[in-house]
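Here is the structure we will look at, set down as structure tokens.
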């Protein structure tokens with residue numbers, strides 16, 4: 001496992017070097033994909049035959065929800081790596097990605113609620129999909145709290161990793177909640193085994209915006225990981241003094 | 001006139017505000033820590 005090429009970069013110095021080289025390109029990609037995707041979604045894509053222009057909320061709501069699930073899954077994987085291999089960078093990744101994931105979850109919940117009012121006639125229902133997303137938000141909050149609770153990074157990292165792995169059970173529940181239970185939330189229309197049921201004039205801006213959200217995540221992640229690595233350096237310096 | 005403009009603007013501006021705030025918070029934290037680190041390193045060199 002340690003022979004994997006990826007672990008060559010599981011070293012703060014190498015990681016910082018790669019980040020320095022790629023950061024500006026990631027910023028440019030974020031600006032390009034977000035501005036193009038959102039412009040197409042808000043101004044050029046067609047209205048929905050039932051919802052009219054309200055469907056445009058989809059271009060921020062759906063990519064945020066995807067990012068919330070993707071970030072939590074990556075935290076769970078990094079947590080396994082941290083518990084097995086004790087890679088410092090895996091722990092730093094978990095600590096840095098948590099707030100970003102929580103922010104995307106909050107965006108998905110709030111924009112969904114705003115979308116729900118005119119379409120369902122209510123801001124909130126205790127529907128399986130919405131409730132499991134709320135549970136995901138609390139999992140992120142718990143994960144962040146554990147990290148901030150203790151000064152001992154190793155201990156707090158192990159406890160947070162355990163929570164992330166246990167909480168991963170919520171991810172398939174969120175994904176399949178619309179199929180397993182009778183919910184008010186609409187079923188999946190993009191990520192389906194039978195292929196997307198959404199028209200390409202809406203699907204393309206949605207995927208481009210999602211790509212923009214992904215690059216935005218990488219940009220913020222690099223900033224936060226650099227900050228955490230600097231914090232580790234400060235702690236080491238203070239410890240040796 | 002676009003129907004439900006209030007809902008569309010509210011949702012998109014909320015997302016935008018959260019995303020901008022997240023970048024500002026992260027960047028401020030990085031700069032603050034880099035400043036502390038540089039200060040400690042400088043003190044150690046002088047000593």
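In terms of packing, defined here as the mean over residues of other Cβ atoms within 10 angstrom, the peptides A:83-90, A:213-220 line up highest first as A:213-220, A:83-90.
Calculate the tail of P(r) for chain A: the fraction of all Cα-Cα distances greater than 31 Å, expressed in %.
Details: 8601 of 28920 pairs.
Value for chain A (Cα pairs over 31 Å): 30 percent.
In percent, how large is the relative contact order of the stretch A:34-168, given Cα pairs closer than 8 Å and 6 or more residues apart?
Numbers: 127 pairs, mean separation 35.9, N = 135.
Contact order relative to length: 27 percent.
Under the simplified labelling scheme, the residue A:80-residue A:169 pair shows an inter-label distance of 1.7 nm, with each label point 7 Å from Cα along Cα→Cβ.
Ordered by the number of other Cβ atoms lying within 10 Å of each residue's own Cβ, fewest first, A:61, A:143 fall into the sequence A:61, A:143.
Taken over the C-alpha atoms, the stretch A:27-91 has Rg and Dmax values of 17.8, 53 angstrom. Cα centroid separation, the stretch B:1-37 to the stretch A:149-176: 26 Å.
With an 8 Å cut-off on Cα pairs and a minimum separation of 6 or more residues, tell me the relative contact order of the stretch A:118-178 in percent.
Details: 32 pairs, mean separation 26.7, N = 61.
Computed over the stretch A:118-178, the figure is 44 percent.
Across peptide A:59-67, the mean count of Cβ atoms from other chains lying within 10 Å of each residue's own Cβ comes to 2. The label point for residue A:151 and the one for residue B:20, both projected 7 Å from the Cα toward the Cβ, are 3.8 nm apart.
Ranked for footprinting exposure by Cβ neighbours inside 10 Å, fewest first, A:125, A:169 give A:169, A:125. Over all pairs of different C-alpha atoms, the stretch A:66-130 has a mean inverse distance whose reciprocal, the Kirkwood radius, equals 13.4 Å. The P(r) of chain B has a tail past 16 Å containing 62 percent of all C-alpha pairs.
Relative contact order for chain A using alpha-carbon pairs under 8 Å, separation at least 6, rounded to a whole percent?
32 percent
Distance distribution P(r), the stretch A:114-241, all Cα-Cα pairs, bin width 5 angstrom from 0: 2, 8, 10, 14, 18, 16, 12, 8, 6, 4, 2, 1, 0 percent. The order of A:39, B:7, going from fewest to most other C-beta atoms within 10 Å of their C-beta, is A:39, B:7.
Read-outs: derived from the displayed coordinates by stated rules, not from any lab. Quick caveat, the model's predicted, so the values are computed rather than measured. Ideal geometry is used to build each Cβ from the backbone, glycine not excepted, and the neighbour counts take in all protein chains shown.
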